[in-house]
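> Here you go, one structure.
The values are calculated or read from the model by the stated rules, or taken from the named source; none is laboratory data. This structure is a prediction, so every number in the text was calculated from the model and none was measured. Neighbour counts run over all protein chains shown; Cβ positions are idealised from the backbone, glycine included.
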Amino acid sequence: MATETLKKAMTGDEMIALSKKHTLFEWSAQSKVDPIPVARAKGIYFWTPEGKRFIDFNSQLMCVNIGHGDERVINAIHEQASVLAYANPFMATEARARLGAKLAEITPGDIDVFFFTNGGAEANENAIKLARMATGRHKILARYRSYHGATAGAITLTGDPRRWAAEPGIPGVVHVLDPYHGIARGWDTAEESLAMLDEVIQLEGPQTIAAFILETVTGTNGILVPPDGYMQGVRELCTKHGILMICDEVMAGFGRTGEWFAIDHWKVVPDIITMAKGLTAAYVQLGAVGMRRELADKFNDKVFYGGLTYNSHPLACAAALATIKVYEDDKLLENARKMGAIMTQLMTDLAKKHPSVGAARSIGLFGLVELVRDKAKKAPMAPFNGTSDEMVALGKFFRQEGLYTFVRWNTFFTNPPLCINEEQLREAFEIIDRGIEITDQSVK
């Protein structure tokens with residue numbers, strides 16, 4: 001039966017049935033899983049086996065930045081596979097050599113040494129491992145409104161509720177508050193947030209803290225763009241106390257915000273930068289830890305105790321090189337800025353028209369809308385770490401109308417591929433505009 005299934009194209013129902021029978025879906029009670037069957041994808045769209053088209057308004061997991069099915073990347077993977085499909089990480093390959101050199105060109109400041117991983121969680125795992133070995137200190141500061149991955153160390157770094165089931169986790173992680181305190185309480189100024197951070201550093205003992213890891217622009221916890229001066233202040237505090245600054249750019253990197261990396265908006269150079277997702281646009285799994293030369297030099301005569309079987313995998317490195325060339329050739333960073341300006345206006349229009357829109361934030365093509373029951377009191381449409389009938393209904397409407405995006409708690413995301421054009425962007429927002437009428441009905 002399994003052989004017969006592989007010989008013919010499956011229907012959507014067959015895909016779902018076999019997937020649910022033989023595989024586990026992440027972050028889900030398996031009885032509640034209701035996946036979309038996907039047969040093919042191109043550009044900003046994907047289709048079910050039965051031909052229903054979806055606008056991929058979340059770039060899958062905020063990762064297919066160049067769009068689906070780009071032949072240039074597919075051909076690069078094919079060409080690499082035909083010559084050298086795999087070499088172990090103790091060896092040097094042309095793809096590895098060229099990718100390291102290329103990343104050194106586009107990463108901030110003097111970051112020019114890279115350790116390759118399979119994805120973002122492993123990049124963050126190795127970043128904190130590297131920081132602890134380099135400094136001889138053990139504590140890691142991280143923020144509450146954060147997600148850094150689901151592996152043992154990365155989930156401990158994570159501040160949001162996905163961490164709870166994995167606790168107690170690894171030792172030495174200290175969480176601090178963000179500048180943002182939720183839609184009802186709003187934002188601290190950069191000065192207020194930095195004062196709080198400095199106090200925590202003093203209370204924990206700066207001489208015990210190896211690193212502070214933070215998403216430059218917070219992703220799934222709200223697309224939180226830091227107030228001006230915050231990143232510069234974090235850099236100053238870290239330098240003052242000998243604490244390594246780690247910027248997690250797994251989601252925000254590679255053009256998502258309109259720059260190669262989000263930290264470029266604030267002209268700050270972290271000590272370590274982690275990346276994945278847009279590095280290959282998810283065509284092949286790859287992550288990386290970038291570090292400043294001074295930090296890398298600490299391991300010239302000292303062993304770096306870290307390794308992965310698929311570190312610097314030739315197929316992934318070839319895919320990354322081809323993907324970076326697509327960003328450059330198609331001017332996708334420029335398009336993210338241009339379309340991002342239009343998206344900001346469309347989100348502003350939503351906020352003016354719909355009483356349930358409590359806040360709308362974006363930078364480049366990295367956006368989110370927060371929905372509320374009471375615009376004056378900013379009462380969320382769903383509780384923290386929960387949902388509501390209205391948010392469930394909104395998610396069903398988007399799916400029915402062929403718009404794929406994340407609906408989480410009282411928010412939904414606007415993170416299309418960077419190749420999107422204005423007509424496509426407006427089509428997506430027309431669906432969103434109609435959908436929000438559902439949540440408007442519950443506003444007091």
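> Quick one: would you say Gly435 is in contact with a Phe, Trp or Tyr (Cβ under 7 Å, 6 or more places away or on another chain), assigned to a helix (DSSP H, G or I), touching a residue at least 12 places away in the same chain (Cβ under 8 Å) and closer than 19 Å to Ile55 by Cβ?
In short, yes.
> In this structure, is Asp330 within 20 Å of Ala282 (Cβ to Cβ), surrounded by fewer than 22 Cβ atoms within 10 Å (Cβ to Cβ) and not polar (S, T, N, Q)?
The answer is yes for Asp330.
> Has the range 372-393 got any residue that is under 22 Å from Ser28 (Cβ atoms) and among the aromatic types (Phe, Trp, Tyr)?
Yes.
> Given Ile111, Ile106, Ile55, which one is touching a Gly at 6+ places or on another chain (Cβ under 9 Å), under 30 Å from Trp266 (Cβ atoms) and not aromatic (Phe, Trp, Tyr)?
Ile111
> Only one of these conditions is not met by Lys129: (1) buried (at least 16 other Cβ atoms within 10 Å of the Cβ); (2) touching a strand residue (DSSP E or B) at 6+ places or on another chain (Cβ under 8 Å). Which number is it?
Of everything listed in (1) buried (at least 16 other Cβ atoms within 10 Å of the Cβ); (2) touching a strand residue (DSSP E or B) at 6+ places or on another chain (Cβ under 8 Å), Lys129 misses just condition (2).
> Here's another thing I want to ask about it. Just give me the residues in the range 297-320 being of a type in the set (A, V, I, L, M) and within 30 Å of Glu71 (Cβ to Cβ), in sequence order.
Passing the criteria: Leu308, Leu315, Ala316, Ala318, Ala319, Ala320.
> Still on this structure: Go through Thr218, Thr239, Thr257, Thr274 for me and flag whichever is in the same structural domain as Ala76 (by TED's automatic domain parsing), among the polar types (S, T, N, Q) and free of Cβ contacts under 8 Å to residues at least 40 places away in the same chain.
Thr239
> Hand me the list of helices (runs of 4 or more DSSP H) wholly inside the range 251-370 holding 2 or more residues that are polar (S, T, N, Q) and more than 25 Å from Ile213 (Cβ to Cβ).
Hits in the range 251-370: 332-353.
> A follow-up question, please. Any idea which of Ala319, Ala341 is of a type in the set (A, V, I, L, M, F, W, C) and assigned by TED's automatic domain parsing to the domain that holds Leu286?
Ala319
> Under 30 Å from Ala341 (Cβ atoms) and in a helix (DSSP H, G or I): does that describe Leu394?
So Leu394 passes the test.
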